[in-house]
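The values are calculated or read from the model by the stated rules, or taken from the named source; none is laboratory data. Computed from a predicted model, the values in this text were never measured in an experiment. Neighbour counts are summed over all protein chains in view; Cβ atoms, including those assigned to glycine, are modelled from backbone coordinates with ideal geometry.
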Amino acid sequence: MFFKQYYLPCLSHASYMLGSEGNAIVIDPQRDIDQYLEDARSEGLSIKYVIETHLHADFVSGHAELAARAGAKIIIGENSQAKFMNQAVKDGDELKLGNLELKFIATPGHTPESICILATNTAQPEEAAKLFSGDTLFIGDVGRPDLVATKDRTAAEMAGLLYESLHNKIMSYN
């Protein structure tokens, strides 16, 4: 399995590429997509999916350009109401890509459409699974639930959803 983290210090933003058997996914791409295309080419990978863990308000994502240039599909949580072409996923959906098995976990709270992705390498089952949590969970912190509060969904309600996502969804995988 190919795995690489890309980190942009000025935005404290991490994105990832995972690959298996000639195919790859990119999670939460930065605006500058050339690095993903270069790495995919040098590793002999074809980017098939671009996954957004949520709609980002703090940086410009490269998902649309990367999907167009790579001929990939964009995946995002079903509650996104995104206006761009996408494949919506719901809680429990799975995607297999070579030896990669991806399980999508709906984790509303930071945003209504937030998803986490649990990635397992089926070729090496003893290898620890990887959880890509977007802005749902950080080391020592969680995503802010007040940023997308509206008259239909208050910050307190979003905080309740985030609590449920953390305690009843993510913690059930440990």
Can we say ILE74 is in contact with a helix residue (DSSP H, G or I) (Cβ under 7 Å, 6 or more places away or on another chain), in a strand (DSSP E or B) and of a type outside the set (Ser, Thr, Tyr)? yes
In region 46-85, residue modelled with the highest pLDDT [restricted to those that are of a type in the set (Lys, Arg) and over 30 Å from PRO125 (Cα atoms)]: ARG69
All conditions in (1) buried (at least 16 other Cβ atoms within 10 Å of the Cβ); (2) of a type outside the set (Asp, Glu); (3) more than 30 Å from VAL148 (Cα to Cα) are true of ARG69 except (1)
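Residues of region 29-51 being within 23 Å of GLY109 (Cα to Cα) and surrounded by 23 or more Cβ atoms within 10 Å (Cβ to Cβ), which ones? Don't jump to the end; show me each part of the working.
Looking only at region 29-51, we keep the residues that are within 23 Å of GLY109 (Cα to Cα), and these are 29-30, 50-51.
Within region 29-51, PRO29, VAL50, ILE51 meet the criteria.
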Tally, over region 128-142, of residues that are of a type outside the set (Ser, Thr, Tyr) and in contact (Cβ under 8 Å) with a residue 60 or more places away in the chain: 4
Can you tell me how many residues in region 1-45 are out of contact with any His (no Cβ under 9 Å at 6 or more places or on another chain), without any contact (Cβ under 8 Å) to a residue 12 or more places away in the chain and outside any loop (DSSP other than H, G, I, E, B)? 7
Close pairs from region 95-109: first closer than 17 Å to PHE138 by Cα, partner among the β-branched types (Val, Ile, Thr) and at pLDDT 95 or above, Cβ under 8 Å, at least 6 apart: ILE105/ILE117
Enumeration of residues in region 88-116 that are out of contact with any Lys or Arg (no Cβ under 7 Å at 6 or more places or on another chain) and either aliphatic (A, V, I, L, M) or under 16 Å from PHE2 (Cα atoms) (or both): ALA88, VAL89, LEU95, LYS96, GLY98, ASN99, LEU100, GLU101, LEU102, ILE115
Where a residue in region 159-174 is under 12 Å from ARG144 (Cα atoms) and its partner, wherever it lies, is surrounded by 14 or more Cβ atoms within 10 Å (Cβ to Cβ), with Cβ under 6 Å and at least six apart: ALA159/PRO145; LEU161/PRO108; LEU161/GLY109; LEU162/GLY109; LEU162/PRO145
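Would you pick out the residues in region 1-28 that are of a type in the set (Ser, Thr, Tyr) and crowded, with 17+ Cβ neighbours inside 10 Å?
Looking only at region 1-28, we keep the residues that are of a type in the set (Ser, Thr, Tyr), and these are 6-7, 12, 15-16, 20.
Across region 1-28, the qualifying residues are TYR6, SER15, TYR16, SER20.
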Test: residue in region 46-66 that is touching a residue at least 40 places away in the same chain (Cβ under 8 Å), in a helix (DSSP H, G or I) and either closer than 27 Å to ASP146 by Cβ or in contact with a helix residue (DSSP H, G or I) (Cβ under 8 Å, 6 or more places away or on another chain) (or both): yes
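Which strands (runs of 3 or more DSSP E) does region 86-174 wholly contain that include 1 or more residues that are at pLDDT below 85? Explain how you work it out, then say what you get.
Numbers: elements: 87-89, 94-97, 100-106, 115-121, 130-132.
Fully inside region 86-174 and qualifying: 87-89.
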